[in-house]
Amino acid sequence: MSQLTSEQRSELLKNKDLHLFGEDLSQSELVGCEECDTIYRRVDLAAGERAYCECCGAELYRQPKSFTSLLALVITAFIIFVIANSFPIVKVELQGNFSQTTLLGAAWTMFQIDRAFVGILILITTFIVPLIDLMLLMYVLTSIGIFKTRPKFLRLTLRVLFLFRVWGMVEVFLIGVLVTLVKLVGMVIVIPGIALWAFGILSILLVYISSVKIKDIWDEIDRCLS
Amino acid sequence: MKNQHVSANKYNDHSIGNIKHYPRAKDFLLLQCHCCGLLNPQQNVDVDDQHCSRCHTALHLRKPYSLDRTLALVIAASILYIPANVLPMTMTDSLLGRQQDTIMSGVIYFWKSGDYLVSAVIFMASIFIPMLKLLILCFLLIAVRIQSFSRWNFSPEQCTLLYRVVEFIGRWSMIDVFVVALLTALIQIQSLATILAGPGAVAFGAVVVLTMFASLSFDPRIIWDNYYANEARDRQQTIEKTSTVMHMENSIE
């Protein structure tokens, strides 16, 4: 089965209908494993259940939460994102001198001291990508979950979301902030700001939101709009 | 002679021992879209310029030039790993003068001053994880190359597990870049102490980005492709061997 002869190949190419597992199946009834290329017939899952590949153990798909509850989470995350970026993360005091910084302030300092590459890296991973991610998700989820229409730029939006997924690193930034605080505690007086708590909540929300994969969103869209 | 034929057929039908054989998309000429996961039927013999019917992403049988790209990125990251560890990450100016810290000297400093947790976190994120990533990626590249031309089989399950580890830990080495940026932004207290990000931070950031791109461009399906190809070759050889043995037995009789 693994080695097809060229005749078998051309025969399969001619035959446009899918004939697998002894039956004719439509595309939407099949699911493939991303890591080992095994194909399966899709079974319906209850909410919260996941399907795993039998061959390599990778996750195949899951039943995501309804788009409206996901939208609620995305909007919450967006509000907290605004708070986290408009207040100082931490304030330090050394012999009567105060100093404080926001996330954007830290990135800006990097530009000022000629480490623009580091500044861009921080800006992209903790500001631009999460912001665009949340806004695009809001756009898609509102138009499908509430208005039940297919958004105009659906394909483009979801492709951008797919490319951005890996590069959002708010939770890593949070650990970075905590390490910085512990480092500074011996040297100066550290006063955690509102944004620190906001980043804590934001990273939990973002981890949850990004656990919904783009292909699960596509499957759910097909189900909602068909 | 007839007997021999039947036994050879049996060999083909049933997989031997514990060798798993699952139906694979490649065998049915289905192309999986890497963006939306839809299985598209292959339309031409060469896959070029075919797009996913659902999301219009360009389709590929495997990630294009997967192994070459990964190798190039791994080499670039390994080269940059040296300045990232040798050049100073932070430069502290205080009343006591200027002090330059590399990643390792920072870890040692915190270990000596009793902050074992911070020391361990920085060591894990900045030294252990990038090193582990580079080593695993090198191992996977070598394993795939060896698999493809000899019969030395690495367990494909364990290779995919290693790949999953690389994908998961990749982002966490960014911690040190964030720490340096925050320290620089916070400790700008004129005349008392200032901290500046050193050139090591740039090199280190580049290492993290390059290794992330490397793990993104590696396609774990190649491991399984080689595994199944080897298995088919093995089976072919066993069949040939058994048939010659049978042949010999027949001639002895």
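The values are calculated or read from the model by the stated rules, or taken from the named source; none is laboratory data. Model, not experiment: these values are computed from the prediction. Backbone-built Cβ (ideal geometry, glycine too); neighbour counts: all protein chains shown.
Looking at A:LEU158, A:LEU121, A:LEU104, which is the one that is part of a helix (DSSP H, G or I) and surrounded by fewer than 23 Cβ atoms within 10 Å (Cβ to Cβ)?
A:LEU104
Of everything in region B:179-205, what is within 7 Å of another protein chain (Cβ to nearest Cβ) and assigned to a helix (DSSP H, G or I)? Give them in sequence order.
Selection gives B:VAL179, B:ALA181, B:LEU182, B:LEU183, B:THR184, B:ALA185, B:LEU186, B:ALA201, B:VAL202, B:GLY205.
Are any residues in region B:206-223 under 30 Å from B:ASP101 (Cα atoms) and either more than 9 Å from chain A (Cβ to nearest Cβ) or basic (Lys, Arg) (or both), and if so, which ones?
B:VAL207, B:LEU210, B:THR211, B:PHE213, B:ALA214, B:SER215
Kindly indicate whether any position in region A:130-142 is within 9 Å of another protein chain (Cβ to nearest Cβ) and farther than 23 Å from A:SER203 by Cβ.
Looking for residues that are within 9 Å of another protein chain (Cβ to nearest Cβ) and farther than 23 Å from A:SER203 by Cβ, one finds none in region A:130-142, hence no.
Name the residues in region A:94-106 that are within 7 Å of chain B (Cβ to nearest Cβ) and among the hydrophobic types (A, V, I, L, M, F, W, C), would you? I'd like the intermediate steps shown before the answer.
Here is the first cut: in region A:94-106, the residues within 7 Å of chain B (Cβ to nearest Cβ) are A:94-95, A:97, A:99, A:101, A:105-106.
Within region A:94-106, A:LEU94, A:ALA106 qualify.
What pairs can you find where one residue is in region B:123-140 and on the phi > 0 side of the Ramachandran plot and touching a residue at least 60 places away in the same chain (Cβ under 8 Å), the other is crowded, with 21+ Cβ neighbours inside 10 Å and aliphatic (A, V, I, L, M), and their Cβ atoms are less than 7 Å apart, with a gap of 6+ or different chains?
The qualifying pairs do not exist here.
Does B:ALA181 count as at pLDDT 90 or above and closer than 26 Å to A:LEU94 by Cα? Reasoning before the result, please.
Details: at pLDDT 90 or above: yes; closer than 26 Å to A:LEU94 by Cα: yes.
For B:ALA181, the condition - at pLDDT 90 or above and closer than 26 Å to A:LEU94 by Cα - is met.
Report yes if A:ILE201 is touching a residue at least 60 places away in the same chain (Cβ under 8 Å), in a helix (DSSP H, G or I) and surrounded by fewer than 18 Cβ atoms within 10 Å (Cβ to Cβ), otherwise no.
Spelling it out, A:ILE201 is indeed touching a residue at least 60 places away in the same chain (Cβ under 8 Å), in a helix (DSSP H, G or I) and surrounded by fewer than 18 Cβ atoms within 10 Å (Cβ to Cβ).
If a residue has to be more than 7 Å from every other protein chain (Cβ to nearest Cβ) and among the small types (Gly, Ala, Ser) to count, how many in region B:19-59 make the cut?
Going through region B:19-59 one residue at a time, the tally reaches 2.
Just one of A:LYS148, A:LYS65, A:LYS91, A:LYS152 is touching a Gly at 6+ places or on another chain (Cβ under 9 Å), outside any helix (DSSP H, G or I) and more than 11 Å from chain B (Cβ to nearest Cβ); which is it?
Values: A:LYS148 fails: touching a Gly at 6+ places or on another chain (Cβ under 9 Å); A:LYS91 fails: more than 11 Å from chain B (Cβ to nearest Cβ); A:LYS152 fails: touching a Gly at 6+ places or on another chain (Cβ under 9 Å).
Checking each option against the conditions leaves just A:LYS65.
Pull up region A:164-189, narrow it to residues that are in contact with a Ser or Thr (Cβ under 9 Å, 6 or more places away or on another chain) and at pLDDT below 90, then point me to the one that is farthest from the other protein chains (Cβ to nearest Cβ).
A:ARG165
Between B:LEU96, B:LEU71, B:LEU80, which is at pLDDT below 80 and either in the same structural domain as B:ARG235 (by TED's automatic domain parsing) or touching a Lys or Arg at 6+ places or on another chain (Cβ under 7 Å) (or both)?
B:LEU96
Report every pair of residues separated by at least 6 positions or lying on different chains whose Cβ atoms are under 7 Å apart, first residue within region B:217-236 and closer than 15 Å to B:PRO23 by Cβ, second surrounded by fewer than 22 Cβ atoms within 10 Å (Cβ to Cβ) and small (Gly, Ala, Ser).
B:TYR228/A:SER2; B:ALA232/A:SER2
Which numbered condition trips up B:GLU157, out of (1) in a loop (DSSP other than H, G, I, E, B); (2) within 14 Å of chain A (Cβ to nearest Cβ); (3) of a type outside the set (A, V, I, L, M, F, W, C); (4) free of Cβ contacts under 8 Å to residues at least 12 places away in the same chain?
It fails just one condition, (1).
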